[in-house]
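K.L.:
Have a look at this one.
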Ligand SMILES: Cc1cc2nc3c(=O)[nH]c(=O)nc-3n(C[C@H](O)[C@H](O)[C@H](O)COP(=O)(O)OP(=O)(O)OC[C@H]3O[C@@H](n4cnc5c(N)ncnc54)[C@H](O)[C@@H]3O)c2cc1C
Ligand SMILES: NC(=O)c1ccc[n+]([C@@H]2O[C@H](COP(=O)([O-])OP(=O)(O)OC[C@H]3O[C@@H](n4cnc5c(N)ncnc54)[C@H](OP(=O)(O)O)[C@@H]3O)[C@@H](O)[C@H]2O)c1
């Protein structure tokens, strides 16, 4: 990663920008489109990556927020929003694809950092921005204020800053937690059901209180090279529409509220919104955000050229990905939607629309699991319970060649896989859990079992 240069020399800046632009052009040329459909998971990953690198080697699209709606206004603790953006071009993505959005720091944080370093913010800097794995970094030549707003994470003290301030205990802890997270992620990704420990808990320190601690020992140049870059966040598209008259597209997403725990420098616990979720839900119609439309590795069977039945298991805002399929003309029943929500009365999100699909036969079978019913006498159900209770039916669908597609939390992906393994043994599709796990792994490799799951 090149070190950022504050107030750079003009000639070397131009040389670096030209080199960067060439590298990005080469990336776009190298990762060409390939028309055939993937058959295996590894092929799907390779194709997704080619499209991803090609897309990310171009500039992010300016997206104007045109619709902003709270879907569950009665829920006091955990909100969900529907956001629609208008963007330039034709979109060119399929149901199941993603919007990859750049979040930004709030102005008061940027001002606090500028004050700390005694800068006005109008001086120009050449700074490396987020870069996707295996692709050239993109450089930005911009004002310090814009760099701090759009490119540098100002929410939490980065690992290198923590080390510099002597917080190696936190660095070690977070590194272990990150490794646990990736083990869980890979477990869910390969169709595994063995939970390697509880969800990770990070020790994140607020940047501003860390900066107070650093006082004048830290130069702006060091600070810029220590702090993480703002990494965009993915959101499943629930709708993508091309507007032939304007030549623009409308892309809709569903965003769940997320509580981000962090510590002040003297270790007092605090909570705030997640960086990207907080940024998105506080936007107002007319605001512009920046992002890319990107493919997911996962594909609904119809986009793999397959016509087998589909069992779609979604939780919470994971319904967004399912909606993109249900709203598209390519949807092909039989389709069984298993949907897990905290509460149907206050948190069905798109309930009436889903019920309509069930009445019209777009959804052939609709199962709802409510985990936090208002009425204390109603049993709590999760999607895992819904699948277990209907295991005979699930096995009938599996014997008919059904695809299984999960969308939602990482934890849900692991639990549902575990339930399916148990069902395969209980209903004597497999002799034991080892054989059942091998079968799920085989389905995963053949793209018959796909888990679009994320988070914790
Ligand atoms: C393919 C894909 C599709 C997605 N679709 C949607 C969607 O449709 N709707 C939706 O609401 N969200 C979706 N997400 C999740 C979304 O991308 C963001 O992760 C989410 O909004 C939280 O980001 P944040 O910046 O608000 O939270 P952050 O500020 O990143 O906070 C996240 C919380 O997780 C912890 N954390 C820190 N690092 C990690 C880590 N490496 N892994 C896990 N947790 C960590 C933090 O301690 C904090 O508590 C999707 C994610 C992926 C990968
Ligand atoms: N493609 C993707 O990767 C993608 C797309 C969209 C969303 N997402 C992710 O999905 C998450 C959705 O979160 P949300 O806040 O909207 O959901 P939520 O309201 O917290 O949970 C929805 C339902 O899922 C249940 N659930 C939680 N853990 C489970 C588990 N291990 N097994 C079975 N059911 C479980 C919940 O039960 P309880 O009430 O018991 O907790 C609840 O009924 C987001 O964090 C987002 O990151 C991912």
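K.L.:
What does the helix-only formula give at 222 nm for the chain: each DSSP H stretch with n ≥ 4 adding -39500 (n - 2.57), the total divided by the residues, and the result rounded to the nearest 500 deg cm²/dmol?
P.N.:
Dividing the helical sum by the residues of the chain leaves -11500 deg cm²/dmol.
K.L.:
For the residues 262, 202, what sequence is obtained by ranking on other C-beta atoms within 10 Å, fewest first?
P.N.:
With the sparsest Cβ surroundings first, the list reads 202, 262.
K.L.:
While we're here: Evaluate the Debye formula for the chain with equal point scatterers sitting on the alpha carbons, no solvent, and hand back log10 of I(q)/I(0) at q = 0.10 Å⁻¹, in q order, two decimals.
P.N.:
Here log10 of I(q) over I(0) equals -0.81.
K.L.:
Mind sorting 128, 345 by how few other Cβ atoms lie within 10 Å of their own Cβ, fewest first?
P.N.:
Listed from fewest to most nearby Cβ atoms, that is 345, 128.
K.L.:
Moving to a separate point now. Taking only C-alpha pairs under 8 Å that are 6+ residues apart, what is the relative contact order of the stretch 348-456 in percent?
P.N.:
Result for the stretch 348-456 is 24 percent.
K.L.:
I would also like to ask the following. To test your reading of the geometry: what angle, between 0 and 90 degrees and rounded to tens, separates the Cα axis of helix 41-56 from the longest principal axis of the chain?
P.N.:
40 degrees
K.L.:
Counting only DSSP beta bridges with both residues in the chain, what percent are antiparallel, rounded to the nearest 5?
P.N.:
65 percent
K.L.:
Using only alpha carbon pairs under 8 Å that are at least six residues apart, calculate the relative contact order of the chain and give it in whole percent.
P.N.:
The value is 20 percent.
K.L.:
Sticking with this structure for a sec: Taking only Cα atoms, what is the 0 to 90° angle, nearest 10, from helix 10-30's long axis to the longest principal axis of the chain?
P.N.:
So the helix axis and the longest Cα principal axis differ by about 20 degrees.
K.L.:
Taking the chain as the reference, fit the longest principal axis to its C-alpha atoms, fit the long axis of helix 168-189 to the helix C-alpha atoms, and give the angle between the two in degrees, 0 to 90, nearest 10.
P.N.:
30 degrees
K.L.:
I would also like to ask the following. Taking only Cα atoms of the stretch 234-304, what ratio of Rg to Rh do you get with Rh as the Kirkwood inverse-distance radius?
P.N.:
Dividing the radius of gyration by the Kirkwood radius yields 1.11.
K.L.:
Can I ask one more? Give me the percent relative contact order of the stretch 48-141, please, defined on Cα pairs under 8 angstrom at least 6 residues apart.
P.N.:
Dividing the mean separation by the residue count of the stretch 48-141 yields 21 percent.
K.L.:
I need 70, 283 ordered by Cβ neighbour count within 10 Å, fewest first.
P.N.:
70, 283
Each value in this text was obtained by applying a stated rule to the coordinates, not by laboratory testing. Quantities reported herein were computed from a predicted structural model and do not represent experimental measurements. Positions of Cβ are generated from backbone atoms using ideal geometry, with glycine treated the same way; all protein chains shown enter the neighbour counts.
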